Amino acid sequence: MKKRVAIVSSYNEECGAAYYSSRLLKHLLAAGYEVEVKRLPVSLLRLQSPTFLRRKGDQEIARIAREIADFDAVFLQFEPGLYGTRPKTSYTRVLRLLKAAKCAVITIHGFDRQMSSRSLMAFGSNMLNLRPGAAVMGLIEGALDPIYESFWSYVRKSPHVKVMTFNRGDQVLLQRFFNLGQITNYPICYFDQEEVGEVRASLDRERFLAQYGLDPKYKYFAVCGFFAAYKGHLTAMKALEFLPDDWRLVLVGGEHPQALEPGRDIGGYVRQLLSFPLAVDRPSADASLEVEGGLKTFLGGPVVRSDQVYRRELRDKLFAKSEFKYFFPTSEIKHRIHYLGQASDEEMPKFYAMLDYVVHPYMRTKEGQSGSGPATFAIEFGSRALFSNAPVFREMGLYFEGAMQYFNIGNFMELADQLQRFDGFVPGLDARRRVAIETYNPKGMVDAYRRLIEA
């Protein structure tokens, strides 16, 4: 008899967990499972007030809990923000789903690594009670918050609940913090190589580029995925100044739906992206018009050029927390940047198949990242790809050893240099990628889930 599996996740929306779930569904069906997706109404679940709307969210969770009770296994896609905006709400809802399932696998897309004020209170309490060791370990491990501690304690004590992480580091972290026993790791997987071949065979570079108004005579390197400051788009923009004139930057993506701010016409990060190529920092053509000294007005103050005022304001406000305030372009690059918008689930893989290069100039984030969908596309499609040395990509490199070429976070000169000499990397990268893909692929992902639910 076929095993009945329920996938609890966001679905049919612009979201990494939703896309992962759509691909997991396909590969589980191909492996002979009977599968249903229980779609989370994320927009409703993220409403904290008024109270009656939060209760509506609780009712939806109760409904899903009833529906999954009879399934042989439940694969619950776990990122706290999918279930609510506050830890108490989201973790309580996930617990309700876990308690309803016969057998559950929590797939970790992200989890809270930061402390709350209650964690700090516990730190103070330990210090007052002359327990400095416990206080310091609490700060290091961040496992003091009662909400998180209670949740993971339930997971640890429940034989029917297993955990899947997308990297080895998260598995070690969760084991160290919460002493989890039933846990394994497997990287994100979307496409098998037969599917990759079919996508590539269906496309022609010239026609594909023309579809987006791109001239095939140029070389295109891209940053793909949702817009967020940690994605490092400015590194790619600045790299244009160190590349020949026939290179162009393509930005495929847009703001995440959950990041859109009501009543704001341009988001803060989008404003940075738009402002950077316009803030050309060239020497004044008139040496007498300088911010410091030079000509005086009739009131005795210095004459200040409007473009200098503009750049000063950018540095002091919009780019106050960015090192790129020291690296505004010194030449025109705006005509070499193309925004192609957010691609559909069907279109995104095609960019990895057809664009000349794909770069991933991510920064390290305080919260940490569990995996990267864009990087997964690059590996599976054998894209000519470069990755920053952010921890998320170093973790991926443990699976795809020798198949990923790195550059230092923020080093736009190194990025430009590596793009131009990428041909020399190709033989080694391709050979090692083919070896790794034999082990880490959708079939292996399904087998990893099967071993968990049969354990």
Once phi for every residue in the range 353-361 is put through the Karplus expression 6.51 cos²θ - 1.76 cosθ + 1.60 (θ = phi - 60°), the whole-Hz ³J(HN,Hα) values, with Gly and Pro written as x, are 7, 10, 6, 5, 9, 10, 10, 10, x
Too long for a 22 Å Cα-Cα cut-off, among LYS88/LYS231; LYS26/LYS88; LYS102/LYS157, are LYS88/LYS231; LYS26/LYS88
Plugging the Cβ-Cβ distance of ARG200 and THR439 into 1/(1 + (r/R0)^6) at R0 = 35 Å yields, to the nearest 0.05, a FRET efficiency of 0.95
Residues whose built amide H sits under 5 Å from the amide H of ASN389, excluding neighbours closer than 5 in sequence, are PHE407, ILE409
Sites removed, the longest contiguous part of the chain containing no DSSP-loop trypsin sites (Lys or Arg not before Pro) with at most 11 other Cβ within 10 Å is 3-216
Here the net charge surrounding ASP245, from other residues whose Cβ is less than 12 Å away from its Cβ (Lys, Arg +1; Asp, Glu -1), is +1
Measuring from the longest principal axis of the C-alpha atoms of the chain, the long axis of helix 51-68 (C-alpha) lies at a number of degrees, nearest 10, equal to 50
Computed over the chain, the distribution of all Cα-Cα distances in 20 Å bins, rounded to whole %, is 21, 50, 25, 4, 0
The answer for the net charge of residues other than GLN182 whose Cβ lies under 9 angstrom from its Cβ, with Lys and Arg +1 and Asp and Glu -1, is +2
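Rule-based calculations on the coordinates, nothing more; no lab input. Bear in mind that the values here come from a model prediction, so they are computed numbers and not experimental data. For neighbour counting, all protein chains shown are included, and Cβ atoms are generated from backbone atoms with ideal geometry for every residue, glycine included.
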